[in-house]
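Asks: Please read through the structure below; I'll follow up with questions.
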Amino acid sequence: MLLHLSTWPEVEAYLQQSRGLIFPIGSTEQHGPTGLIGTDAICAEAIARGVGEATQAMVGPTINVGMALHHTAFPGTISLRPSTLIQVVRDYVTCLVKAGFTKFYFINGHGGNIATLKAAFSETYAHLEDLQIPNAQRVQCQVGNWFMCSSVYKLAKELYGDQEGSHATPSEVAVTQYVYPEAIKQAPLSPEVASGHRIYSAADFRLHYPDGRMGSNPALATPEHGKQFYELAVKELSNNYLEFLNAE
């Protein structure tokens, strides 16, 4: 059940059965010479829809732009500042709490969102209490990072070893190849790829990671691998969502 393809009476009827909502959140950022700029949002959206189908949960609109300021030296990247993303999450959740939702499960596709999301949840709880919205004390938010699922991590290590890297990874590129086989990209990749540098400014990031990859070899990705990662993530996150939904 997708929120944007539902009517308000359908949402009202859903709330009689469940107070849970899944939000896909990703990023719009460079992913090396062969990775789609929308990779993080594409992965999060596809997996969130799979989890929604498996758990009969409503899925909200994808938050496509996240916190990716360190990638903005590469053309095509769009980023929100952490403070802006905090406000976006707060406003999304506040509107839906007024409607009756109380459990918000964010399926995240971008590591750079994690710290900001945790801050956004704290900001949201305080904001709801300040507004004295009914049921504010029942509101709970949680992040499920698909790429950190134990089953996904294990398969990535089996398939790619150290060539998985930490950005523009073959695992995430494989998922996009599975979802959008018509958009598979090819480009020459240097066998030498930078890794291990700390992340500071956008200019510093591009200086140390000139092609955008971080220790990864996305040439290893295949759509068949992507299907495996998708199915593992959907299964694990579906279980996590139901545990979250049913916990006090």
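Asks: Keeping to the range 36-79, report how many residues are open to solvent by less than 30 Å² (accessible area, probe 1.4 Å) and on the phi > 0 side of the Ramachandran plot.
Replies: 0
Asks: Look through the range 139-183, keep the residues that are in contact (Cβ under 8 Å) with a residue 40 or more places away in the chain and in a strand (DSSP E or B), and return whichever of them is surrounded by the most Cβ atoms within 10 Å (Cβ to Cβ).
Replies: Checking each candidate, the answer is His167.
Asks: Here is a list: Leu117, Leu128. Which entry is out of contact with any Leu (no Cβ under 9 Å at 6 or more places or on another chain), outside any strand (DSSP E or B), crowded, with 16+ Cβ neighbours inside 10 Å and hydrophobic (A, V, I, L, M, F, W, C)?
Replies: Leu128
To keep it simple, each residue is scored yes or no on (1) out of contact with any Pro (no Cβ under 6 Å at 6 or more places or on another chain); (2) under 30 Å from His208 (Cα atoms); (3) of a type in the set (Asp, Glu).
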| site | (1), (2), (3) |
| --- | --- |
| Met1 | yes, no, no |
| Asp40 | yes, yes, yes |
| Ile63 | yes, yes, no |
| Met67 | no, yes, no |
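Asks: Across the range 80-94, which residue is surrounded by the fewest Cβ atoms within 10 Å (Cβ to Cβ) among those that are of a type outside the set (A, V, I, L, M, F, W, C) and farther than 20 Å from Ile22 by Cβ? Reasoning before the result, please.
Replies: Pass one, the range 80-94, residues of a type outside the set (A, V, I, L, M, F, W, C): 81-84, 87, 90-92, 94.
Adding the requirement that they be farther than 20 Å from Ile22 by Cβ leaves 81-84, 87.
Numbers: Arg81: 11, Pro82: 18, Ser83: 13, Thr84: 13, Gln87: 16.
So the residue we want is Arg81.
Asks: How many of the residues making up the range 112-137 are of a type outside the set (A, V, I, L, M, F, W, C) and in contact (Cβ under 8 Å) with a residue 40 or more places away in the chain?
Replies: Of all residues in the range 112-137, those of a type outside the set (A, V, I, L, M, F, W, C) come to 112-113, 116, 118, 122-125, 127, 129-130, 132, 134-135, 137.
Within this subset, residues satisfying the condition of being in contact (Cβ under 8 Å) with a residue 40 or more places away in the chain are 112-113, 116.
The qualifying residues number 3.
Asks: Could I ask something else about it? Within the group Val193, Val234, which residue is in a helix (DSSP H, G or I), more than 23 Å from Leu80 (Cα to Cα) and of a type in the set (Val, Ile, Thr)?
Replies: So the residue among Val193, Val234 that is in a helix (DSSP H, G or I), more than 23 Å from Leu80 (Cα to Cα) and of a type in the set (Val, Ile, Thr) is Val234.
Asks: On the basis of being open to solvent by less than 50 Å² (accessible area, probe 1.4 Å) and either within 23 Å of Ser166 (Cα to Cα) or of a type in the set (Phe, Trp, Tyr) (or both), does Ile22 make the cut? Even if it seems obvious, please write down each step before you answer.
Replies: Numbers: open to solvent by less than 50 Å² (accessible area, probe 1.4 Å): yes; either within 23 Å of Ser166 (Cα to Cα) or of a type in the set (Phe, Trp, Tyr) (or both): no.
So Ile22 does not fit the description; no.
Asks: Have a look at Leu3, Leu15 and point out the one that is out of contact with any Lys or Arg (no Cβ under 8 Å at 6 or more places or on another chain), in contact (Cβ under 8 Å) with a residue 60 or more places away in the chain, surrounded by fewer than 21 Cβ atoms within 10 Å (Cβ to Cβ) and closer than 24 Å to Leu237 by Cα.
Replies: Unique residue meeting the criteria: Leu15.
Asks: Here is a further query. For the range 98-105, check the following and say yes or no: at least one residue is without any contact (Cβ under 8 Å) to a residue 60 or more places away in the chain and not acidic (Asp, Glu). Working first, answer last.
Replies: Residues of the range 98-105 without any contact (Cβ under 8 Å) to a residue 60 or more places away in the chain: 98.
After this cut, where a residue has to be not acidic (Asp, Glu) as well, the list is 98.
Taking every residue of the range 98-105 in turn, at least one turns out to be without any contact (Cβ under 8 Å) to a residue 60 or more places away in the chain and not acidic (Asp, Glu).
Asks: Filter the range 95-114 down to the residues that are within 20 Å of the chain's Cα centre (by Cα) and part of a helix (DSSP H, G or I), then identify the one that is surrounded by the most Cβ atoms within 10 Å (Cβ to Cβ).
Replies: Once the filter is applied, the top-ranked residue is Asn113.
Asks: Take the residues in the range 234-248 that are farther than 11 Å from Ser151 by Cβ and charged (D, E, K, R), then tell me which one is most open to solvent (accessible area, probe 1.4 Å).
Replies: Here the residue is Glu248.
Asks: Look at the range 197-218 and say how many of its residues are touching a residue at least 12 places away in the same chain (Cβ under 8 Å), surrounded by fewer than 17 Cβ atoms within 10 Å (Cβ to Cβ) and under 21 Å from Asp162 (Cα atoms).
Replies: Residues meeting the conditions: 4.
The values are calculated or read from the model by the stated rules, or taken from the named source; none is laboratory data. All figures in this text were calculated on a predicted structure; none of them were measured in a lab. Ideal geometry is used to build each Cβ from the backbone, glycine not excepted, and the neighbour counts take in all protein chains shown. The protein model used for the area step is the full one, side chains on, heavy atoms only, and it has no ligands, DNA or RNA in it. Shrake-Rupley method; radii C 1.70, N 1.55, O 1.52, S 1.80 Å.
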